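Only one structure is covered here, and it is reproduced in the block below.
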Amino acid sequence: MKLTPGQLESFKANHFLLLDPFFDGDEVSALQAEMSRLKDAGHFRNVARDGDGKTLSQTHVNLQSFGMYEHSPLMRALPFESKILEVVSQLIGDPAVFQHDQAFLKPARQGSGTNWHQDNAYETTTTDPFGGVAMWIAVHDATVANGTLHVIPGMAGEKLKHVRDPQSDHHIRCYPDESRAVPCVLKAGGVAFFNHGTPHCTRGNSTDRERAGIAIHFVRENCASLILKSAGAHPYLTGPMASDGTKEFGVRVAGTWREEVERTLDLVSGE
Ligand SMILES: O=C(O)CCC(=O)C(=O)O
């Protein structure tokens, strides 16, 4: 997908970009089915805490799954998908390295948000806030009522102070001026790309239906921390070092996304 000059300008100025629609109906159904399967298989855990960073919340639930590619051929194929990498290359340049994947599932009524943070405030990530980009996928329709992603435009270059988030068992958080926050309202299958310095959060889900978001994080090679460059779990996705996943996974992963979508849908329909 070639971004228009207007989209590129907007990303440069605001440090985020919404593309909606991005995934088609089959892709969305496969992602929804895979989130349910991973949840049933115990790959999500409640990271919400009661305000001391330690005590498991009895009232709020923020289910997180990290490193889904290890348990899911569908999720492993996703960051190698060419329509995503075309956008990533235009936003941060090449070579692009896979940083990590994660998903947050917010159950109906008691789903809680992930507080404000900048991804590059986590020390193992990018050395340049503009050298990394996250793609946040609305797995279900993402609205203000169900706590969609919120971003603060144009702030990726400002390094905000972070402290341990008392409402999570491991996250850090910052306290930006929320009056500038923009809710990313997306249909299921729409995506938000944002630079790693962009302050962002999600909010609680007060609706009667669960909502999930998947985030895939990409880093330009010359901004990746040494940890990312040295570890085998961070394949090069573009550029001369890219091996289509064969070096890291022993099999060709690039180009298998559509097959994996169909395989996931066949499993759901019992074929
Ligand atoms: O979906 C969420 O609750 C938070 C996602 C997020 O902040 C991230 O992936 O960095």
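Brief remarks on what is shown
- Listing of strands (runs of 3 or more DSSP E) fully contained in the range 146-223 that carry 1 or more residues being in contact with a strand residue (DSSP E or B) (Cβ under 7 Å, 6 or more places away or on another chain) and closer than 28 Å to Ser57 by Cα: 149-151, 200-202, 211-220
- Selection status of Gly51, more than 16 Å from the ligand (Cβ to nearest atom) and either surrounded by fewer than 14 Cβ atoms within 10 Å (Cβ to Cβ) or modelled with pLDDT of 95 or more (or both): yes
- When Phe193, Phe104 are checked against the criterion of being at pLDDT 95 or above, more than 10 Å from the ligand (Cβ to nearest atom) and buried (at least 19 other Cβ atoms within 10 Å of the Cβ), a single residue qualifies: Phe193.
- Count of residues meeting criterion [exposed (fewer than 14 other Cβ atoms within 10 Å of the Cβ), more than 16 Å from Ile84 (Cα to Cα), out of contact with any Lys or Arg (no Cβ under 7 Å at 6 or more places or on another chain) and of a type outside the set (Gly, Ala, Ser)] in the range 242-258: 3
- Test result for Phe104, under 26 Å from Thr207 (Cβ atoms), among the aromatic types (Phe, Trp, Tyr) and within 15 Å of the chain's Cα centre (by Cα): yes
- Meets criteria (without any contact (Cβ under 8 Å) to a residue 40 or more places away in the chain and within 16 Å of the ligand (Cβ to nearest atom)) for Arg45: yes
The values are calculated or read from the model by the stated rules, or taken from the named source; none is laboratory data. Since the model is a prediction, treat every value here as computed from it, not as a measurement. Quick reminder, even Gly has a Cβ in these numbers, built from the backbone with ideal geometry, and neighbours come from all protein chains shown.
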